[in-house]
Amino acid sequence: MKNYFGLLFAALFGLASCTMTTEGEDPYVSGNYVQDVFVRFENVEQDVPDTRADEAGKTSTDKVSFGSGYLFFVTSQENIKLCYRISPKGGTSTNLDQLVINVDDFWGKASGASGYPFQNVSGEVTKVYIIGNMPDAVAEATVRAKTTLTELKKIAVPLPGQNNINYVTMDGIGALTNSSDGNATHKDVSITLNPLCARIEIAKITATGAVTDFKLRAIYVSHFYSKMALNETNDPATQLLFILAGGGADYDKDYKLMSDVAAGTDVLAATKSKVAAAAKGVWGYQFFPGKNANRVPPRVIIKLTDIVSSIGTYGNPQYLNVRGFKTTSDPNAPAMALSRGKVYKIDDLQFKENDLSSVPNPADITLTVKVSVTPWVVTIVKPVM
């Protein structure tokens, strides 16, 4: 589910004088050198649908909605010259003196042919960075306090703010280039806004082998990061696990979005012909993959009861422990690394009797196997006649 959002910037340069730059400013550019910038969005949704859990699956044509965000003018030294808050529908009214633009005012022009005009922008600006759908838990003052792109991208985005798949946090940056109209005073920039999170979808769960029936009680996502910096640096201290005895992720409160649990004696889905399928399409969960080479991917724990098997009996409950994901049918293939902006969909999670475990989410172990070869034992014998 990688969504592309194009932005076109046309910059009209004003007269400039050659003056000395101060420390931290870009060389050869006067602080009085200004440009007018016009911003135009292409191929972006503004509406914000709901919701999560048992829902329709996502396709490659679906778009994340832009409900609010921030727009930054950035120099070649990655200093932030200006930050505009794009307030949500019904939120703070446009006030350019306070660097606030309501999305309704912004959208009407930004989605049109002329674009939204920013006048008298510093000539030092060479790039534009955009954050869409920053959760309210990240205060505006925190965002505005950052003076460099490096510091800005250290801001951690909380996972609970990604509950709505159509309203997840996304960002992107683009450099100004010469416009195709041939006018040296016009500049364009194209920006791809990519979701910071990724998504797991499970459409159905099917018993195979000797298992002939089961009841689906719960699905938990484990080993997920509770927050993620915009620079995608994985912090092991923020990774939360499913722990049956407690002390792990709080699935009853803060992280309901990472589980689906049937109430009481209910089931998540009735089993028909050995298949439990999501009523509305999929069970879906957003997570932060990050990008560190040693990052740990999320795991999925599925709780089952009332297992019926042709070769034996099983106590309640039993668990399926999904330790990773792959795109090949090779049973020996290692788990793949997961990336932001993608949906990892399991069309049919098939299991058999030897996939069942009475232990949910067992910790990995390091196993060292030692082998010795016993020498032949030669025994002298005499034939029996």
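The values are calculated or read from the model by the stated rules, or taken from the named source; none is laboratory data. Note that the structure is predicted; figures quoted are calculated from it, not measured. Here the Cβ is made from the backbone with ideal geometry for all residues, glycine too, and neighbour counts use every protein chain on show.
You will find that of Asp104, Asp97, Asp136, the residue that is of a type in the set (Asp, Glu) and in a loop (DSSP other than H, G, I, E, B) is Asp136 and no other. Residues of region 326-337 include at least one that is in the same structural domain as Asn234 (by TED's automatic domain parsing) and of a type in the set (Lys, Arg). Regarding region 228-240, can at least one residue be identified that is in contact with a Pro (Cβ under 7 Å, 6 or more places away or on another chain), crowded, with 17+ Cβ neighbours inside 10 Å and in a loop (DSSP other than H, G, I, E, B)? No, region 228-240 contains no residue that is in contact with a Pro (Cβ under 7 Å, 6 or more places away or on another chain), crowded, with 17+ Cβ neighbours inside 10 Å and in a loop (DSSP other than H, G, I, E, B).
The lone criterion from (1) modelled with pLDDT of 95 or more; (2) more than 17 Å from the chain's Cα centre (by Cα); (3) buried (at least 22 other Cβ atoms within 10 Å of the Cβ) left unmet by Val221 is number (2).
For region 236-259, enumerate the residues that are of a type in the set (Lys, Arg) and within 18 Å of the chain's Cα centre (by Cα). Answer for region 236-259, where residues must be of a type in the set (Lys, Arg) and within 18 Å of the chain's Cα centre (by Cα): just Lys256. Restricting region 343-370 to residues that are within 17 Å of Val300 (Cα to Cα) and among the basic types (Lys, Arg) leaves a set whose member that is surrounded by the most Cβ atoms within 10 Å (Cβ to Cβ) is Lys345. Residue count for region 256-289, restricted to those that are outside any strand (DSSP E or B) and crowded, with 20+ Cβ neighbours inside 10 Å: 6. Looking at region 317-324, is at least one residue assigned by TED's automatic domain parsing to the domain that holds Ala218 and under 20 Å from Gly341 (Cβ atoms)? The answer is yes; a qualifying residue exists.
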